[in-house]
1. Take the residues of region 53-80 that are out of contact with any Pro (no Cβ under 8 Å at 6 or more places or on another chain), open to solvent by less than 60 Å² (accessible area, probe 1.4 Å) and over 14 Å from Arg101 (Cα atoms): which is modelled with the lowest pLDDT?
2. I'd like to check something: does region 178-188 contain any residue that is more than 22 Å from Ala242 (Cα to Cα), of a type in the set (A, V, I, L, M, F, W, C) and assigned to a strand (DSSP E or B)?
Amino acid sequence: MTKNEFQGELQKNIRVFSLYTLATFLLMVLAALAVFFFANKGDEQVLVPDVTGKSLTRALLEMQEKELYPKLQLRYSDLPGEAGQVLSQSPNAGSIVKAGRRITLVVSRGVVIDHVGNYVGTNIDTVKTKLDMLYGGVDTPPITIAEPVFKLDSSPIGTILEQEPEEGTPITQGVELHFIVSKGASDSLVKVPNFLGNTIAQISEEMGKVNLLFHFQSHIAGSDETSGTVVNQSLAAESETAEFSQITLEIALPASDAIFSGDTIVENVRGRNEAETAGMQMNNFSNASYGIFSTNISYYPIAVPVKIDAYPPEGSPFTIASFNHIGGNISLPYSVPHGTILALSVLNQEKEHFTVQ
């Protein structure tokens, strides 16, 4: 091989070697870039979701979907029912951050409840409203109010005079508050009417005129008694008694399903004589049921309007009785067609209903 041929072959090998070296370098650069971008793919930007007000479990799932990592802070909150909920977050919802960023979540530990407060001197309705606002959404509230005891006092009606347990009592489990509440300085007196011989409709009408608490009893009418009328009363007629004292009226009921002179649908019998009323009842309501409606409602510091409506299977609804009551047991005699629905309302809000069979 001549000298010129050797030099040409050498130059050719150098070019091949240079190309091989360049290709190897480029391959290394590409590999380095791939590793770099793979290692930094978490630097992509994401939108911070709104998790305030959501449960911690739900918040964590939404954070995970966005490749964000929560930093938890726990604190007590003011309202019950918030335990385990996210109260606030930082950064705020809608912020643009890099994936992998830590998001601070403030989570509720619940309400701090450690002792009974002082409610003496406060109106009982105010206390009830406050506790309803605090624990309205709680299945088992830590504080409940028992039926209060009312007594005469110079304090305004509804003022809490005494409480049990006393202020500062630790709350380790459910506590029931017992209150003694003022019902005013003095009782008004009412004159007791004579109810003997009154029919059911007459009694129902009278209940709206006199401030007494009526309690009813019944028995099957004897041969010397008029079915559907009052045969005995616990307070003597024309006597005076404190307002909203209880009076018990005993009614003689018929032994069969015959309609007695208990003018249930007041609008149809007022102004009629006994013969017309009896004829109308036997002709139109031979399928009537009779009995005594009885239930219990909450106690109130003052008398509140109570109403009992009847919804017969045929015809228009009507009001059986409308009167004032301070709470506790309520009873009322009725004579209505089978299938009638009786509905009790207090302060124009229905509290209970049932179907007469």
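The values are calculated or read from the model by the stated rules, or taken from the named source; none is laboratory data. Fair warning: this is a prediction, and the values are worked out from it, not measured in the lab. When we count neighbours, we look across all protein chains shown, and the Cβ atoms used for this are built from the backbone with ideal geometry, even at glycine. Accessible surface areas use protein heavy atoms only, side chains included; no ligands, DNA or RNA. Shrake-Rupley method; radii C 1.70, N 1.55, O 1.52, S 1.80 Å.
1. So, considering only residues that are out of contact with any Pro (no Cβ under 8 Å at 6 or more places or on another chain), open to solvent by less than 60 Å² (accessible area, probe 1.4 Å) and over 14 Å from Arg101 (Cα atoms), the one modelled with the lowest pLDDT is Ser77.
2. yes
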